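The values are calculated or read from the model by the stated rules, or taken from the named source; none is laboratory data. This structure is a prediction, so every number in the text was calculated from the model and none was measured. Counting neighbours? That spans all protein chains shown, and the Cβs are built from the backbone with ideal geometry, glycine included.
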Amino acid sequence: MSSLDELAVIINHFDKCPLLTQKRADFELFKIGVKMLNDKSHLTIEGLGKFIALRASVNLGLSPDLKASFPNVIPVQRPLVKDQQTKDPQWLAGFVSGDGCFLIKIQNSSSQVGGKIGANLSLKFQITQHSKDEQLMKSLVSYLGCGRYEARSGYPGLQAGDFVVTKFSDIAEKIIPFFNKYPIRGVKALDFADFSAVAEIIKNKDHLTPDGLGQIRIIKAGMNKGR
């Protein structure tokens, strides 16, 4: 979308339904840029300088070519997004459709007791965001009544954190019912369906049989990047 009329529709939508992550700062600067285009103020030398300063603070900033062309530009200050609290379940469902992940972990074990298969199974629901959205990720703990926030470390240059739920009872009694009530859209809905199917197998203890474990392996192989 690039026409000013179309961009006006997008701006109107996100004014009515505000973004909760720090991405909202990009949106607020984007709005100023669109206004400048509408006013044609970017066509003056001064206006062009202001427009480039806006661009320098949006997303990843200026490209190498623009930096070379405007070496003295001073990026405008980015607005700070406050009150990062999840308030709408539909918003969370949409957020997870884009940034959530449903994971199945299988660790083989050499133990086998009473005919039961030796394998350790675990389920994990995870949402990853830049560390600047730590407040929002932490708010999910109280909103969903489960889980924890984990800051990532040991990754040079990576500033991120995860909201994670690994306790099976929380997954079975809180996470799965939540997204059954407020459905995820897109291909992520298929991962959720597989995740829920594996949770049911574990709940019924069928994962302790060769057939049940084999079924879980097949489901896991077709999820996420394997789909």
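Please go through region 192-206 and give me each residue that is touching a residue at least 60 places away in the same chain (Cβ under 8 Å) and closer than 13 Å to residue 169 by Cα, ordered by number.
Within region 192-206, 199, 202 qualify.
Could you tell me which residue of region 48-63 is modelled with the lowest pLDDT, considering only residues that are polar (S, T, N, Q) and either under 15 Å from residue 24 (Cα atoms) or buried (at least 17 other Cβ atoms within 10 Å of the Cβ) (or both)?
Among residues in region 48-63 that are polar (S, T, N, Q) and either under 15 Å from residue 24 (Cα atoms) or buried (at least 17 other Cβ atoms within 10 Å of the Cβ) (or both), the one modelled with the lowest pLDDT is 59.
Criterion first (in contact with a Lys or Arg (Cβ under 7 Å, 6 or more places away or on another chain), part of a helix (DSSP H, G or I), crowded, with 16+ Cβ neighbours inside 10 Å and modelled with pLDDT of 90 or more) does residue 139 satisfy it?
It is false that residue 139 is in contact with a Lys or Arg (Cβ under 7 Å, 6 or more places away or on another chain), part of a helix (DSSP H, G or I), crowded, with 16+ Cβ neighbours inside 10 Å and modelled with pLDDT of 90 or more.
Going through 62, 80, 19 one at a time, which residue ends up being within 18 Å of the chain's Cα centre (by Cα), assigned to a loop (DSSP other than H, G, I, E, B) and not assigned by TED's automatic domain parsing to the domain that holds residue 209?
Just a single option satisfies the conditions, and that option is 19.
Among the candidates 86, 44, single out the residue that is under 31 Å from the mean Cα position of the chain (by Cα) and among the hydroxyl-bearing types (Ser, Thr, Tyr).
86
Provide a single number: the residues in region 184-223 that are of a type outside the set (A, V, I, L, M, F, W, C), crowded, with 17+ Cβ neighbours inside 10 Å and under 18 Å from residue 100 (Cα atoms).
5
Go through (1) over 15 Å from the mean Cα position of the chain (by Cα); (2) modelled with pLDDT of 95 or more for residue 125 and report which single condition fails.
Among (1) over 15 Å from the mean Cα position of the chain (by Cα); (2) modelled with pLDDT of 95 or more, residue 125 violates only (1).
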